[in-house]
Amino acid sequence: MSKVIKGGTIVTADLIYDADVLVENGRIAEIGKDLKGDEVLDATGCYVMPGGIDPHTHMEMPFMGTYSTDDFESGTRAALSGGTTMVVDFALPQPGQGLLDAIQMWDNKSTRANCDYSFHMAITWWGEQVFNEMKDATERGINTFKHFMAYKGALMVNDDELFASFQRVKELGGIPLVHAENGDVVADLQQKYLSEGNNGPEAHAYSRPPEVEGEAANRAIMIADMAGVPLYIVHVSCEQAHEAIRRARMQGKRVWGEPLIQHLTLDESEYFDKDWDHAARRVMSPPFRNKQHQDSLWNGLASGSLSVVATDHCAFTTDQKRYGVGDFTKIPNGTGGLEDRMPMLWTYGVGTGRLTMQEFVAVTSTNIAKILNIYPRKGAILEGADADIVVWDPAKEKTISAKTQQSAIDYNVFEGKHVKGLPRFTLTRGKVAVHDGEIRTEEGHGEFVKRPPNGPVNKALSTWKELTAPRKVERTGIPASGV
Ligand code: DUC
Ligand code: ZN
Ligand code: ZN
Ligand code: ZN
């Protein structure tokens, strides 16, 4: 059964034009005028765009003594409801656990996905097994490796481990990702605030100032440069980290920054003079920042120094958040956002003139498809591409509320926000999963998307390599002959 999306305006990362789209066997079969199909999807007054890709989600993730509540079923249902047609989650080994073991766990959970998905591999410890299994992960279609520079004593890796892993990623032709926060300083500040009797959720924000993020971003960029690999920095929340990324890019390094829709639209006042539940529900790392930082992030998206808008969707219920009553360090870190990313970015970006429509498509879909090496199968409206399409109705409005959301948690951090611009249809590989708010998802429809390595290599700008690369130094401290 073919479908034709009729009467809409196609918007891609570079073009805007009127055309119909014919969908057959899950793919875009033809783009043109007056196309015919077995079924007609009326796109009059709508923009036909590549479905959103959220490269940063945590479904059913074991974390801080519990599991994030949205799983691959509710999470991808929320995604489709908001126009996102692919998510990339993190296969996360516990320290000491093998990578293949973790991938197997994520394979099992993700069989319930309603839309296509992929995994990043988290590197949460270092050893020969990890080194070896990174190659197996690559062969399984995982070309990105995530490192936590925070969560000391749990997921954090140290600089020597970071450097070793980055070099291994380079060998494999992949891209390293970092959660950039200085975990040592955060741990110290947490103890300081607790010892002063400051145990509420606002102390979470005090203990993670922008400087801890800026420092770690700079450090990761330098270490990546010495390893000769590109670098993708997740959840960039502040000017300090953004500045480091801008500088690296101006120097010719492939360094990409990913702000979250939460940091773009919610600020630190959410933590102060609010009741405990309100503040704790918004505890995530990095925390929300002030307006100056928000402006910096919006400017980065417009100028191209920041590349991708994600969510870090990691949803915990109010009851789970309450594990941290009396000790903010025990509040599970994370917020939802998958369902609202596209409507919020459209409303606060395109609707305010901060972003053009093409920029909207670039930062919600096309840029990350290119970085992850799945373009143009994903992130494009082109003949032959997967029919992951959102038919976007710019006139459709709603007020965001937990009462009507797909996510399984009992609140929404965007509660009460009015959005204008919502999906009329969301198609996942040709299947209509959403029509005007009516959910028609099919559990298990989603497939794993393999992402082969493409090996972008950063020409190191540091002189480090030439100065030290093949030099062997004897233990006596005397350089070996010939060096
Ligand atoms: N930050 C969060 O807030 N949650 C999940 C992991 C992370 O880094
Ligand atoms: Zn993180
Ligand atoms: Zn995350
Ligand atoms: Zn199906």
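Only the coordinates and a few stated rules stand behind these numbers; no lab work does. Quick caveat, the model's predicted, so the values are computed rather than measured. Backbone-built Cβ (ideal geometry, glycine too); neighbour counts: all protein chains shown.
See the values below:
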quantity	calculated
Euclidean distance between Cα centres, the stretch 156-212 to the stretch 300-355, Å	19
Cα gyration tensor shape of the stretch 69-210, rounded if a/c is under 1.5, else prolate or oblate by comparing a/b with b/c	oblate
Net +/- balance of residues flanking residue 220 in space, Cβ distance below 11 Å, scoring K and R +1, D and E -1	-4
Taking the stretch 328-460 and dividing mean pair separation by its residue count, relative contact order in percent (alpha carbons under 8 Å, at least six apart)	21
Gained length - residue 2 relative to residue 325, 0.36 nm times residue gap less alpha-carbon distance	110.8 nm
Table column - 3J(HN,Hα) (Hz), the stretch 164-175, Karplus curve with 6.51, -1.76, 1.60, x for Gly and Pro	4, 5, 4, 5, 5, 4, 4, 4, 8, x, x, 10
Phi to ³J(HN,Hα) by Karplus 6.51 cos²θ - 1.76 cosθ + 1.60 over the stretch 116-129, Hz, x for Gly, Pro	5, 7, 8, 10, 9, 9, 8, 9, 9, 7, 9, x, 4, 4
12 Å beta-carbon shell around residue 164, net charge (K/R +1, D/E -1)	-3
Percent RCO, i.e. relative contact order, over the chain, from Cα pairs under 8 Å lying at least 6 residues apart	22
The stretch 44-186, relative contact order in percent, only Cα pairs under 8 angstrom and at least six apart counted	19
Estimated inter-spin distance, residue 33 and residue 247, nm [label 7 Å along Cα→Cβ]	5.4
Two-site FRET efficiency, residue 397 against residue 440, from Cβ-Cβ distance with R₀ of 30 Å, rounded to 0.05	0.85
The stretch 217-307: chymotrypsin sites (Phe, Trp or Tyr not before Pro) in DSSP loop, at most 14 other beta carbons within 10 Å	272
Cβ-based charge dipole, the stretch 209-340, positive-most Cα from 220, 294, 210	220
Rg in Å to one decimal, and Dmax rounded to a whole Å, for the chain via C-alpha atoms	22.3, 80
Test item: Cα-centred dipole of the chain, Lys/Arg +1 and Asp/Glu -1 on Cβ, debye	1000
For residue 434, distant residues with modelled amide H under 5 Å away	426, 440
Karplus 3J(HN,Hα) series, Hz, for the stretch 21-35 with 6.51 cos²θ - 1.76 cosθ + 1.60 (x for Gly, Pro)	10, 9, 10, 9, 6, x, 10, 7, 8, 7, 10, x, 8, 6, 7
Amide H within-cut-off set for residue 84, under 5 Å, with H built and near neighbours excluded	52
Residue 139-residue 101 FRET efficiency (beta carbon distance; Förster radius 22 Å; 0.05 resolution)	0.90
Net charge of neighbours whose Cβ lies under 12 Å from the Cβ of residue 278, counting Lys and Arg as +1 and Asp and Glu as -1	-2
Estimated FRET transfer efficiency (residue 211, residue 16; beta-carbon r; R0 45 Å; 0.05)	0.60
Simple spin-label estimate for residue 94 and residue 415 in nanometres, 7 Å along Cα-Cβ	3.3
Distant-in-sequence amide H partners of residue 48 (H built 1.01 Å from N, under 5 Å)	9, 10, 11, 392
The chain - share of DSSP beta bridges that are antiparallel (%, nearest 5)	50
